[in-house]
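Only one structure is covered here, and it is reproduced in the block below.
The values are calculated or read from the model by the stated rules, or taken from the named source; none is laboratory data. Predicted model, so just to flag it, every value in this text is computed and none were measured. Methodologically, a virtual Cβ is constructed for each residue, glycine included, from the backbone with ideal geometry; neighbour enumeration extends over all protein chains shown. Please note that ligands, DNA and RNA were not included when accessible areas were found on the heavy atoms of the full protein model with its side chains. Shrake-Rupley method; radii C 1.70, N 1.55, O 1.52, S 1.80 Å.
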Amino acid sequence: MEIERILLTQEELQARVKELGAVLSAEYAEKTPVFVGVLRGAVHFFTDLMLHFPHPCQYDFIGAASYGDGTQSSGQVMLTKDVMTDLQGRHVVVVEDILDTGLTLRFVTDWLKGKNPASLKLCVLLDKPARRRADISADYIGFTIPNEFVVGYGLDYQELYRNLPYIGILKP
Ligand code: PRP
């Protein structure tokens, strides 16, 4: 598979991540939030975003996997790693690379709400509303994108392409 074209350049990504960091900084400066990254796709977005949050905060990570026939999600999401932080009464921001069908984040946010945080918000780099199957929306969105298969900056196709510094569209 080859990259057909670049959807978001490294410069565009970095500029928007910086803006999102500023928005989160304004809202969470005094709240010592817990930022929860969703493994594995959020890895680059999470680390870059956190470098633009210059206030006290904590990091944690959660893992979720959905099982299907390989091309289509079954809609069944399973936890592969839980957070280690006690989230009771804490301000939680879930950081994720993409909100696609929404099944992953529906499951993850329901799971985390069960831990009784004081607040729980969702920050996604990419929102692809055309494919939504679950009733969920993000509080902070980097880019709303068309219904194309995107890779790079953490996003994979068959586990490859995560290390591209930009978001590209794969050749069909
Ligand atoms: C991808 C992505 C999101 C999820 C979004 O993860 O990182 O977590 O799919 O899709 P959805 O909105 O349709 O649920 P994936 O399951 O491929 O795992 P990964 O993060 O390890 O790549």
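Does residue 107 satisfy the criteria of being assigned to a strand (DSSP E or B) and either within 16 Å of the ligand (Cβ to nearest atom) or not aliphatic (A, V, I, L, M) (or both)? Considered against the rule, which asks whether it is assigned to a strand (DSSP E or B) and either within 16 Å of the ligand (Cβ to nearest atom) or not aliphatic (A, V, I, L, M) (or both), residue 107 comes out as no.
Could you list, in sequence order, all residues of segment 113-134 that are within 16 Å of the ligand (Cβ to nearest atom) and part of a strand (DSSP E or B)? Scanning segment 113-134 gives 122, 123, 124, 125, 126, 127.
The residues listed here are 94, 124; of these, the one that is closer than 18 Å to residue 52 by Cβ, open to solvent by less than 30 Å² (accessible area, probe 1.4 Å) and touching a Ser or Thr at 6+ places or on another chain (Cβ under 8 Å) is 94. Given (1) touching a His at 6+ places or on another chain (Cβ under 9 Å); (2) of a type in the set (Gly, Ala, Ser); (3) closer than 22 Å to residue 48 by Cα; (4) more than 10 Å from the ligand (Cβ to nearest atom), identify the lone condition not met by residue 168. Looking at each condition in turn, residue 168 falls short on (1). When residue 59 is tested against (1) more than 19 Å from residue 24 (Cα to Cα); (2) assigned to a strand (DSSP E or B); (3) open to solvent by 60 Å² or more (accessible area, probe 1.4 Å); (4) at pLDDT 95 or above, exactly one condition is not met: (1). On the basis of being within 15 Å of residue 66 (Cβ to Cβ) and in contact with a Pro (Cβ under 9 Å, 6 or more places away or on another chain), does residue 103 make the cut? Considered against the rule, which asks whether it is within 15 Å of residue 66 (Cβ to Cβ) and in contact with a Pro (Cβ under 9 Å, 6 or more places away or on another chain), residue 103 comes out as no.
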